[in-house]
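Everything below concerns the one structure shown next.
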Amino acid sequence: MEKIFLSIMRAYNAHHDQARIGFKKLGLTDGQPKVLFVLRDSPGYFQKDLAERCGVTPPTMAVLLSKMETQGLIRREDFLISPGNYAKKVFATEEGDKKTDELLKFVDELEEKTLSGFTAEEQKLLTELLARVKDNLLM
């Protein structure tokens, strides 16, 4: 039997390669889709909280957001959090929302391709098993 390490690595690499191709066609880098998805569900994230939610360091998020701001996908606003203290909140722009709609369409197509031939029960089981793998690794 093949080591699970190899099975997961091969599946990840194949999926990641397909995702990267689609992201590139949409004019997005690898890290930008996560930001757009998070902002779609909860607009107005503080920059440091957005970094944590996306699993990157605050400096990495700052660089990512600078590029997205230049592309017109997001805007940052200063919010007063206490007298004299401000923090940046991040919002998707109208262009960012349009790009997220395109991204969602691509993700649906990728999921359809990824799960081709799987029954609904198998899809649910796969999702549950992968969640357990993640949980085991984070213990």
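Looking only at residues of segment 10-33 that are under 14 Å from the mean Cα position of the chain (by Cα) and either β-branched (Val, Ile, Thr) or modelled with pLDDT under 95 (or both), we find that the one that is surrounded by the fewest Cβ atoms within 10 Å (Cβ to Cβ) is Asp30.
Remark: pairs (first residue in segment 33-49, free of Cβ contacts under 8 Å to residues at least 40 places away in the same chain; second residue of a type outside the set (Lys, Arg) and loosely packed, with under 14 Cβ neighbours inside 10 Å; Cβ separation under 8 Å; 6+ apart in sequence or on different chains) = Lys34/Gly55; Lys48/Pro58.
Just a yes or no: is a residue in segment 61-78 surrounded by fewer than 15 Cβ atoms within 10 Å (Cβ to Cβ), assigned to a strand (DSSP E or B) and modelled with pLDDT under 95? Yes, that holds for at least one residue. Residues in segment 5-34 that are part of a helix (DSSP H, G or I), among the charged types (D, E, K, R) and within 20 Å of Phe91 (Cα to Cα): Lys34 only. Could you list, ordered by first residue, the pairs with Cβ atoms under 9 Å in which the first is in segment 5-27 and over 15 Å from Lys134 (Cβ atoms) and the second is at pLDDT 95 or above and exposed (fewer than 11 other Cβ atoms within 10 Å of the Cβ), at least 6 apart or interchain? Listed by first residue and then by second, the contacts come to Gln18/Lys113.
The values are calculated or read from the model by the stated rules, or taken from the named source; none is laboratory data. Predicted model only: the values in this text are computed from it and were never measured. Neighbour counts run over all protein chains shown; Cβ positions are idealised from the backbone, glycine included.
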